[in-house]
Amino acid sequence: MREEEKKQTSPTRPSLQRLLRKRWVFPAIYLTSAALILAGVLWFQNKNDGKVAKDEYEYSQDVPGTSHHNDPAVPVNEAVENFVMPVLDPNTVEIQKPFYDDTASKEEQEAALVFYNNTYHPNRGIDIATKDGKTFDVTASLSGTVTKAEKDPILGYVVEIEHDKGVTTVYQSLADLKVKSGDSVKQGQVIGKAGQSQFNQEAGIHAHFEIRKDGKPVNPIDYFDKPVTALTEQKAGEQNATDQNSEQTTDEQSQTDKQSQSDEETQSKDQSTDENTTTAPNEQEPSSSKTPDASIGMARA
């Protein structure tokens with residue numbers, strides 16, 4: 001049996017050896033291995049390229065003004081609003097009483113005084129009325145949030161709307177209210193009708209309008225048809241100028257104090273020098289006065 005197996009297996013080994021002795025066998029093996037490796041690399045690379053293309057496609061869906069993964073959309077480059085007259089048609093109204101400006105002429109300041117309770121008060125806004133004296137719709141000068149909407153026994157119905165960067169618009173002498181505190185209003189939205197107030201009875205039916213920056217009233221006429229940034233940047237510049245003037249005044253005061261201290265020290269040194277000069281002769285006088293005494297004693301001896 002073993003001899004038969006040897007006879008059956010013996011032809012296989014010589015054939016394999018003969019095959020390996022041929023010159024083209026090993027190059028063929030190398031080329032086949034290289035082809036398999038190259039095919040694997042290309043397959044892996046194509047697989048990754050497919051993932052990248054998919055990610056780029058998903059990213060391209062994020063365009064301005066849309067949400068991603070259910071997140072709220074954020075406005076991009078939102079337009080800045082301009083201050084506008086708080087009426088539907090500015091051509092139908094006029095300024096009944098102007099803003100009291102501290103830098104205006106005496107005549108202009110007198111025209112901006114409101115007489116109430118036997119006292120003249122400076123007008124901190126402008127009073128708007130129609131040419132025919134009838135009521136009219138009062139609108140929001142800017143978009144914002146209503147922080148106050150209530151009736152005042154002296155000023156009539158009052159509405160205050162808060163805007164960005166410390167800017168507030170105030171509407172007084174209204175006959176009714178169309179908004180309430182906490183409402184978000186858009187520019188041009190009707191917030192009430194013009195009415196009368198006890199504070200300015202001589203104005204008749206009118207609407208009192210104010211613009212405030214950080215609680216301080218400014219002249220609305222100076223900012224109509226101008227962006228909010230015209231007010232905020234101007235106030236920021238004025239604040240910087242005030243701070244610089246304050247720092248300069250402090251530096252000048254410090255230099256003055258140092259100069260005064262130096263002068264006092266110099267004066268003190270001069271006085272000390274004068275005292276020493278005065279004291280030296282006084283110290284020499286006793287010795288000169290003692291000399292005659294000694295001579296007299298010697299004479300007596």
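The values are calculated or read from the model by the stated rules, or taken from the named source; none is laboratory data. Quick caveat: nothing in here was measured; it's all calculated off a predicted structure. For neighbour counting, all protein chains shown are included, and Cβ atoms are generated from backbone atoms with ideal geometry for every residue, glycine included.
Of all the listed residues (61, 8), the sole one being loosely packed, with under 10 Cβ neighbours inside 10 Å, outside any helix (DSSP H, G or I) and modelled with pLDDT under 60 is 61. Quick one: is residue 218 over 30 Å from residue 119 (Cα atoms), touching a helix residue (DSSP H, G or I) at 6+ places or on another chain (Cβ under 9 Å), crowded, with 19+ Cβ neighbours inside 10 Å and among the β-branched types (Val, Ile, Thr)? Considered against the rule, which asks whether it is over 30 Å from residue 119 (Cα atoms), touching a helix residue (DSSP H, G or I) at 6+ places or on another chain (Cβ under 9 Å), crowded, with 19+ Cβ neighbours inside 10 Å and among the β-branched types (Val, Ile, Thr), residue 218 comes out as no. For the condition in a loop (DSSP other than H, G, I, E, B) and modelled with pLDDT of 95 or more, residue 135 qualifies.
Can you find a residue that is assigned to a loop (DSSP other than H, G, I, E, B) and among the hydroxyl-bearing types (Ser, Thr, Tyr) anywhere in segment 159-170? Checked segment 159-170: no residue is assigned to a loop (DSSP other than H, G, I, E, B) and among the hydroxyl-bearing types (Ser, Thr, Tyr). The requirement of being among the aliphatic types (A, V, I, L, M), within 26 Å of residue 166 (Cα to Cα) and outside any strand (DSSP E or B) is not satisfied by residue 211. Within segment 91-105, the set of residues being within 13 Å of residue 207 (Cα to Cα) and of a type outside the set (Lys, Arg) comprises 93, 94, 95, 96, 98. The residues listed here are 110, 94; of these, the one that is surrounded by fewer than 16 Cβ atoms within 10 Å (Cβ to Cβ), in contact (Cβ under 8 Å) with a residue 12 or more places away in the chain and acidic (Asp, Glu) is 94.
The set of residues in segment 145-165 being within 14 Å of residue 187 (Cα to Cα), charged (D, E, K, R) and either surrounded by fewer than 13 Cβ atoms within 10 Å (Cβ to Cβ) or at pLDDT 95 or above (or both) consists of 160, 162.
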